[in-house]
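Q: Please read through the structure below; I'll follow up with questions.
The values are calculated or read from the model by the stated rules, or taken from the named source; none is laboratory data. All values reported here derive from a predicted model rather than from experimental measurement. Backbone-built Cβ (ideal geometry, glycine too); neighbour counts: all protein chains shown. With ligands, DNA and RNA removed, areas are computed over all heavy atoms of the protein, side chains included. Shrake-Rupley method; radii C 1.70, N 1.55, O 1.52, S 1.80 Å.
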Amino acid sequence: MTKLLIGIVLTCLVLLAGLVAAAPPVGKSIQDVLQLLEQYRPDPARSAEMARTLAAEPPAGSEGAALARFYLERGRVAAEAGMIARQIADFRRVVELGGGPTPARTYKELALAEFQGGDFAAALA
């Protein structure tokens with residue numbers, strides 16, 4: 001009986017040691033995270049370019065394919081900036097104008113934006 005009890009205890013210890021070894025590593029410290037963020041600073045030139053694109057209004061007198069390209073570009077920049085509502089609105093406008101230079105890609109981008117925005121029914125439509 002004693003040998004059985006010792007065997008059970010040893011088995012439990014081995015299993016426990018395996019669980020401890022398989023435990024996930026300790027998380028990063030705040031200092032580690034801040035150091036990583038310092039490495040990935042946004043590019044000021046790209047940020048300024050994105051701000052200009054997002055603030056732009058459609059060129060006066062533009063229509064059809066040129067207007068669709070404008071909204072398509074602005075919608076893609078909105079996506080990069082995380083402005084989902086703006087992205088959806090611009091992509092919907094491109095679809096109204098015929099889908100731009102590659103309609104299938106535009107529909108796909110609109111569906112993904114709708115999904116990210118939480119309108120799953122519109123994403124599947």
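Q: Filtering segment 15-53 down to residues that are of a type in the set (S, T, Y) and at pLDDT below 90, which residue is most open to solvent (accessible area, probe 1.4 Å)?
A: Taking the candidates together, the pick is Y40.
Q: Output the residues belonging to segment 54-79 that are more than 19 Å from R105 (Cβ to Cβ) and surrounded by 12 or more Cβ atoms within 10 Å (Cβ to Cβ).
A: Selection gives L54, A56, P58, S62.
Q: Out of all the residues in segment 99-115, is one or more open to solvent by less than 30 Å² (accessible area, probe 1.4 Å) and more than 18 Å from the chain's Cα centre (by Cα)?
A: Yes, the conditions are met somewhere in segment 99-115.
Q: Still on this structure, please answer the following. A121 - would you say it is touching a Gly at 6+ places or on another chain (Cβ under 9 Å), loosely packed, with under 12 Cβ neighbours inside 10 Å and not in a loop (DSSP other than H, G, I, E, B)?
A: no
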